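Okay, structure first, notes after.
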Amino acid sequence: MSHAEGQIIKDDQIVAYYEYDGCSDFCFTKLYKSREELTANWRTNQFAKCTCGKAEPVLVYSSYGNGGWWAGKACLECMALTEGTSHDFDDFEYLGDGHPLGHWQWPWDGQGNILPDGVKPEDEPRLRKRVTE
């Protein structure tokens with residue numbers, strides 16, 4: 001199976017992470033506060049629902065394939081992705097390839113190790129290739 005890291009972006013900031021299932025093209029709805037927390041829960045197939053009704057518009061990014069992003073909604077209190085979870089939804093609008101913030105596509109160091117949050121491209125010389133749109 002083909003899974004990838006996903007990110008929730010609000011106000012030009014990565015505010016949460018999720019797991020993307022590339023075989024079925026959907027997002028697991030459970031959100032995590034850090035990449036490390038996502039990694040610790042990798043392939044546990046977690047779903048979450050918003051119970052407070054405070055979901056707000058976000059950008060949903062997946063590193064699957066060449067990377068791509070689209071509009072969605074997420075509740076950061078309940079840590080749940082509520083809209084934009086699947087390419088099969090009628091309201092799905094694909095907004096772009098690559099990363100919406102111009103970040104690196106792959107959060108790995110080229111040796112199978114996930115990079116810690118906050119690592120900048122210039123900090124990781126082994127990954128000089130930028131994603132182009």
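Every number here is computed from the coordinates shown, using simple stated rules; none is lab data. Since the structure is predicted, the reported quantities are computational estimates derived from the model, not experimental observations. Because the Cβ atoms are built from the backbone with ideal geometry, glycine has one as well, and the counts that use them run over all protein chains shown.
Listed highest first by mean packing, meaning other Cβ atoms within 10 Å per residue, what order do 20-26, 74-80, 42-48 come in?
Values: 20-26: 15.0, 74-80: 20.1, 42-48: 12.0.
Highest to lowest by the protection proxy: 74-80, 20-26, 42-48.
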| message | Give me the one-decimal nm value for the distance between modelled label points at Ser86 and Glu36, 7 Å along each residue's Cα-to-Cβ direction. | response | 3.5
